[in-house]
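Asker: Quick one: the structure is below, questions incoming.
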Amino acid sequence: MSAAPLDTVQYCLIVDDEPRLRQVLVHLMRNDGFTCLEAGNGEEALVHLEQHTITLVMSDLRMPRMDGLELLRQIRGRWPDIAVVMITAVADVEVAVSCLAIGAMDYLTKPFHLEEVRARVAQALEKRRLVVENRGYQESLQEKVAAQARRLEELFLASVQSLAEALEVKDPYTRGHSIRVSHYSVAIARELGLDGELLRQIELGGHVHDIGKIGVREDVLNKPGKLTDAEYEHIMTHPMVGWRILAPLLGETPVALNVVRSHHERFDGRGVPDRLAAGAIPLEARIAAVADSFDAMTSDRPYRPDGLSVDAAVGEIVRCSGSQFDPEIVGALVSAVGEGRIVVIPRSPSYFRAAALV
Ligand SMILES: [Fe+2]
């Protein structure tokens, strides 16, 4: 028998309606270092179980009020680390075997020899130790894996951040744009009832949606006048460029990657790069498309120094509902603005910049 450590009390609970039998077992288990508690039936046993941290339960099957089988079920449900050894009359062996199926470690048949009890209890405790240790290993392994995943995500976000900063240096008009698109996207997504990991991915997608502009010539990015067709086409390569840059990094997170690739798709199928239409455009990209245009309209641009007011921008987006934008997403933007989840922060009398309360 594995001896109890000197500095900790190991409780053994003996449950039997025959006091004489309990006394025999108490004597035996005390000699093996346990502090013994006694109960005459399952109900009394539960009282002890609730008050003490018990290592081992030895329980009779047939008892008044609550029998051993019901007690075993309760122990398995509430205290899975307790080793339970059932004590049965020979006639109950079939029931005893079914106790093993429920989770008893072993069973003893009456009458028993004390040496046999010792050996079976030692076995039961060894099994319990292995089960508890095994679970401990699994938990610490899961913690290590989770910590590594967090570290990987931190490193990933740091590299995305440096890409975003590189883009802002190249194109000052994108400064803050990605953060605002991310906030608006989250506000719209919440309005649509989305939450959890999907929301986090949509937020990330907003942060990186224009990363591909790193591959666009600066003279085109910052051109104050109207773009030629060729220049416009050049700019509109950025969703695919961004997708190529981020696919190796975001392979595990397709939602954010979808935002990058498909935020310039149009609901009527006339967008880029894949000419997807309606429901074929990933939901997250339909959300980002509305958030992106909303911010583009409410911010100043090289070709339009004063942004529109929020009302004018919403009006323009509503006008394009069903052609450029998904009507359901437009509805969510209108609600978010109406409910004050997206509010305007005046910068100057002629200039409004929107900020999302998310
Ligand atoms: Fe874009």
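Asker: Could you list, in sequence order, all residues of segment 160-174 that are touching a residue at least 24 places away in the same chain (Cβ under 8 Å) and over 23 Å from the mean Cα position of the chain (by Cα)? Walk me through it before giving the result.
Answerer: From segment 160-174, those touching a residue at least 24 places away in the same chain (Cβ under 8 Å) are 160, 163-164, 166-167, 170-174; that's our starting set.
Answer for segment 160-174, where residues must be touching a residue at least 24 places away in the same chain (Cβ under 8 Å) and over 23 Å from the mean Cα position of the chain (by Cα): L163, A164, A166, L167, K170, D171, P172, Y173, T174.
Asker: L194 versus (1) within 16 Å of the ligand (Cβ to nearest atom); (2) aliphatic (A, V, I, L, M); (3) in the same structural domain as S262 (by TED's automatic domain parsing): which is the lone unmet condition?
Answerer: The number of the failed condition is (1).
Asker: A follow-up question, please. Mind listing just one residue for me: the one in segment 264-275 that is open to solvent by 30 Å² or more (accessible area, probe 1.4 Å) and of a type in the set (D, E) and, of those, farthest from the ligand (Cβ to nearest atom)?
Answerer: Only one residue fits best here, namely D268.
Asker: Looking at A278 and the list (1) within 14 Å of the ligand (Cβ to nearest atom); (2) within 16 Å of Q324 (Cβ to Cβ), which single condition is not satisfied?
Answerer: A278 satisfies every listed condition except (1).
Asker: Does A146 satisfy the criteria of being of a type in the set (G, A, S) and either within 14 Å of the ligand (Cβ to nearest atom) or open to solvent by less than 50 Å² (accessible area, probe 1.4 Å) (or both)?
Answerer: yes
Asker: Among the candidates V241, V216, V208, which residue alone is open to solvent by 20 Å² or more (accessible area, probe 1.4 Å) and within 13 Å of the ligand (Cβ to nearest atom)?
Answerer: Just a single option satisfies the conditions, and that option is V241.
Asker: Among the residues of segment 68-91, count how many are part of a helix (DSSP H, G or I), crowded, with 21+ Cβ neighbours inside 10 Å and not hydrophobic (A, V, I, L, M, F, W, C).
Answerer: 1
Asker: Which of the residues spanning segment 165-191 are within 16 Å of the ligand (Cβ to nearest atom), open to solvent by 20 Å² or more (accessible area, probe 1.4 Å) and of a type in the set (D, E)?
Answerer: Across segment 165-191, the qualifying residue is only E168.
Asker: Turning to a different aspect of this structure: Might you check whether a residue that is assigned to a strand (DSSP E or B) and surrounded by fewer than 19 Cβ atoms within 10 Å (Cβ to Cβ) occurs anywhere in segment 37-49?
Answerer: yes
Asker: Going by the conditions given, is K226 at negative phi, open to solvent by 60 Å² or more (accessible area, probe 1.4 Å) and in contact (Cβ under 8 Å) with a residue 12 or more places away in the chain?
Answerer: yes
Asker: Moving on to the next point. Consider segment 244-263. How many of its residues are within 16 Å of the ligand (Cβ to nearest atom) and surrounded by fewer than 20 Cβ atoms within 10 Å (Cβ to Cβ)?
Answerer: Residues in segment 244-263 being within 16 Å of the ligand (Cβ to nearest atom) and surrounded by fewer than 20 Cβ atoms within 10 Å (Cβ to Cβ): 2 in total.
Asker: Checking R65 against (1) part of a helix (DSSP H, G or I); (2) over 24 Å from R135 (Cα atoms); (3) in contact (Cβ under 8 Å) with a residue 12 or more places away in the chain, which single condition isn't satisfied?
Answerer: All conditions are met except number (1).
The values are calculated or read from the model by the stated rules, or taken from the named source; none is laboratory data. Please read all numbers here as calculations on a predicted model, not as lab measurements. Here the Cβ is made from the backbone with ideal geometry for all residues, glycine too, and neighbour counts use every protein chain on show. For the accessible areas, the whole protein counts, side chains as well, though only heavy atoms, and no ligand, DNA or RNA atoms are used. Shrake-Rupley method; radii C 1.70, N 1.55, O 1.52, S 1.80 Å.
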